[in-house]
Amino acid sequence: MKVSKSAVGSAEADAAARIVVKGFLGMGPEVRAFEEELAAYLGGDAHVACVNTGTSALHLALQACGIGPNDEVLVPTLTYVASFQAISACGATPVACDVQMESGLLNLEDAVGRLTPRTKAIMPVHYASATGDLESVYRFAQANGLRVIEDAAHAFGCSHRGVRIGANGDVVCFSFDGIKNITSGEGGAVVTRDATVISRVRDARLLGVEKDTEKRFAGERSWEFDVHAQGWRYHMSDIMAAIGRVQLAKFETELAPKRRALAAHYRDRLSSCPGLRLFRNEAECVPHILPIRVLNGLRDRVRAALAAESIETGIHYKPNHLLARFSATSARLPVAEQLYTELLTLPLHPSLTISDLDIVMDVVQSTLNR
Ligand SMILES: *Cc1c(COP(=O)(O)O)cnc(C)c1O
């Protein structure tokens with residue numbers, strides 16, 4: 001049993017084949033349609049720019065906000081290394097912050113203590129699809145003139161106080177890699193209401209060729225153009241967008257309800273289990289992963305017992321300040337370091353069944369009772 005798995009089938013294969021047979025594989029009308037459908041789904045008046053990965057979405061979002069060398073970005077240490085690498089790709093310094101024990105989300109008080117005159121942005125990470133107290137993050141950012149770049153890789157389809165993540169944030173980045181809530185094979189998106197930021201992202205994803213997005217959406221190419229800013233080859237292809245459109249169309253009817261139902265079943269059975277702690281439940285989320293805490297030093301024993309039954313688990317994540325590349329950023333972050341010894345991610349993806357989950361939880365509970 002896999003811990004995560006793409007939920008794709010013949011509809012996605014047909015969509016990809018339709019583009020291949022058409023013979024235009026690059027960025028064109030499918031990407032344009034996917035962007036429009038994403039904007040409509042997210043609601044509000046946010047603009048969407050699709051790119052080739054969630055990591056490039058973060059990189060371009062930071063760059064478009066003017067983050068560069070000598071700047072610092074506050075970021076929780078408990079995240080995928082993508083968040084940190086995107087910041088350092090701009091020449092900026094990721095400043096690792098501690099997290100909250102009950103949620104795994106950024107501990108804002110810790111972040112406040114790390115504010116310096118060089119701090120230019122804060123990157124909250126919606127760990128395990130939770131959004132927590134986003135208002136306080138935005139209030140802090142506003143009071144200190146910081147941009148907010150949300151790493152919403154886990155949070156596609158989630159809402160916060162009735163509003164979809166992405167609809168009204170400063171700059172919000174999604175990932176559509178193979179195992180995320182929706183996938184386009186690989187892929188990602190930058191979502192923002194800031195017209196300047198979105199226009200910079202659109203140019204920068206195509207090597208900085210100005211207005212190339214508009215040309216490609218019209219089925220043309222730019223031969224006479226100018227370039228002012230550093231750009232990258234980060235655009236999404238029509239093959240990817242065609243897959244993403246199929247996923248988006250079935251997200252609310254199939255993928256999201258399945259993820260919610262599975263996570264609810266885990267919570268029903270595990271919330272009263274001694275020796276375990278679940279992270280705080282958020283009713284408006286579509287759970288991407290299901291990390292739990294195994295207390296009393298028993299995590300590795302439970303993990304081994306599951307592995308013996310061919311049940312794969314994960315550890316989300318090794319704190320980034322413990323990685324050689326980012327070890328200089330913060331000395332000790334005690335909550336994240338404790339969580340790192342306790343975290344265990346149980347299998348969660350749409351092709352699992354309730355009885356699969358019962359097998360997983362039987363192993364977990366019998367190991368803890370032993
Ligand atoms: C998946 C993920 C990313 C990066 O997305 P990719 O599409 O894989 O590049 C960034 N941050 C977090 C927290 C993620 O889980």
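Laboratory data are not the source of any read-out in this text; all were calculated from the coordinates shown. Please read these numbers as outputs of a predicted model, since none were measured by experiment. For neighbour counting, all protein chains shown are included, and Cβ atoms are generated from backbone atoms with ideal geometry for every residue, glycine included.
For this structure, a couple of remarks:
- Legend: residue pairs 5/250; 250/318; 215/250; 5/258, Cα-Cα distance threshold 21 Å; pairs beyond threshold, 250/318; 215/250.
- The slack between residue 135 and residue 264, meaning 0.36 nm per residue of separation minus the straight C-alpha distance, is 43.8 nm.
- The angle between the Cα long axis of helix 10-22 and the longest principal axis of the Cα atoms of the chain comes to about 20 degrees, rounded to the nearest 10.
- Cβ crowding within 10 Å averaged over residues, with 267-278, 105-116, 61-72 ranked highest first: 61-72, 105-116, 267-278
- When every Cα-Cα distance of the chain is counted in 10 angstrom steps from zero, the calculated P(r) takes the values 5, 24, 32, 25, 11, 2, 0, 0 percent.
- Taking Cα centre as origin and charging only the Cβ of basic (Lys, Arg, +1) and acidic (Asp, Glu, -1) residues, the dipole magnitude of the chain rounds to 520 debye.
- Partners of residue 22 within straight-line reach, counting aspartates and glutamates whose Cα lies under 13 Å from its Cα and excluding those fewer than 8 residues away in the same chain: 14, 30, 238.
- Our estimate of slack between residue 13 and residue 220, defined as 0.36 nm per intervening residue step minus the Cα-Cα distance, is 71.8 nm.
- Here the spin labels are modelled as points 7 Å beyond Cα on the Cα-Cβ line, and at residue 21 and residue 211 they lie 3.6 nm apart.
- Nearest 10 degrees, 0 to 90: helix 195-204 Cα axis against the chain principal axis: 80 degrees
- Largest-first principal axis extents of the Cα set of the stretch 109-221 (Å): 50, 33, 22
- Expressed to the nearest 5 percent, the antiparallel share of DSSP beta bridges inside the chain is 65 percent.
- You can think of it this way: the chain between residue 161 and residue 312 has 51.0 nm of extra reach, that is 0.36 nm per residue less the Cα-Cα gap.
- Peptides 18-26, 199-207, 133-141 ranked from most to least packed, by the mean per-residue count of other Cβ atoms within 10 Å: 199-207, 133-141, 18-26.
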